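The values are calculated or read from the model by the stated rules, or taken from the named source; none is laboratory data. Here the structure is a predicted model, which means the values were calculated and not measured. For neighbour counting, all protein chains shown are included, and Cβ atoms are generated from backbone atoms with ideal geometry for every residue, glycine included. Note: accessible area is taken over every heavy atom of the protein model, side chains too, but ligands, DNA and RNA are not part of it. Shrake-Rupley method; radii C 1.70, N 1.55, O 1.52, S 1.80 Å.
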Amino acid sequence: MMAIHVLIPCSKTKSVEPVQELIWKEGVSIKNWVSSWKNINYDLVEPEELYTGRATKNQLQLIQDHNDTFSYIISAGAGLISIKEGKRLPSYEATFGKQGPSEDDWFRLPFGGLSNIQINEDDLIVAFAPPRYLKAISKDPWIDHLWKNIVASESSCLGSNCGYPVKIHP
């Protein structure tokens, strides 16, 4: 049976304030960030509860209504978070760019990257997200294993290589 894996961007708004150790500041390295995550073990929240942004909430709700879909949150501070695995995470503050990792380092974040997607040959990966999130996905070393399964906008950075480019109205 074919499954659909949907990649959703995280939201800046969260239900819990981040602890100081998990606010990405200038000069923080990916190594320091991952180390800080390993030392935080309080106020852990399920991703569906942590992210309170309207778009993220709506997309998660749409996916929950389908048994053959799996949702993942693309996070600039955590990596790729699988919703069905029941993982809990602390609140944090990070974005791609000055206050977060480079897109090149995204897969090194605490929850890892695309290698976490357990995919069968006929499965699809739907990736419609803001450009910096898609750029992070495109830089993940595991993407070479997934290109033929990816559905993305043909005008995005994934569009020229993905197996299912979709024309999106500008």
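Numerical summary
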| item | result |
| --- | --- |
| Members of the range 111-170 found to be more than 25 Å from Ser11 (Cα to Cα) and assigned to a helix (DSSP H, G or I), listed by number | Asp144, His145, Trp147, Lys148, Asn149 |
| Candidates Ser102, Ser82 - the one that is among the polar types (S, T, N, Q) and out of contact with any strand residue (DSSP E or B) (no Cβ under 8 Å at 6 or more places or on another chain) | Ser102 |
| Contacts under 8 angstrom Cβ, first residue in the range 141-170 being farther than 17 Å from Ile117 by Cα, partner open to solvent by 100 Å² or more (accessible area, probe 1.4 Å) and part of a helix (DSSP H, G or I), 6 or more apart | Ser156/Pro131; Cys157/Pro131 |
| Residue in the range 147-155 that is more than 16 Å from Leu80 (Cα to Cα) and hydroxyl-bearing (Ser, Thr, Tyr) present | yes |
| Answer from Leu50, Leu22, Leu60, Leu44 - the residue that is within 21 Å of Asp104 (Cα to Cα) and among the hydrophobic types (A, V, I, L, M, F, W, C) | Leu22 |
| Test: residue in the range 107-119 that is over 12 Å from the mean Cα position of the chain (by Cα) and open to solvent by less than 40 Å² (accessible area, probe 1.4 Å) | no |
| Boolean, Ser153 is modelled with pLDDT of 95 or more and out of contact with any helix residue (DSSP H, G or I) (no Cβ under 9 Å at 6 or more places or on another chain) | no |
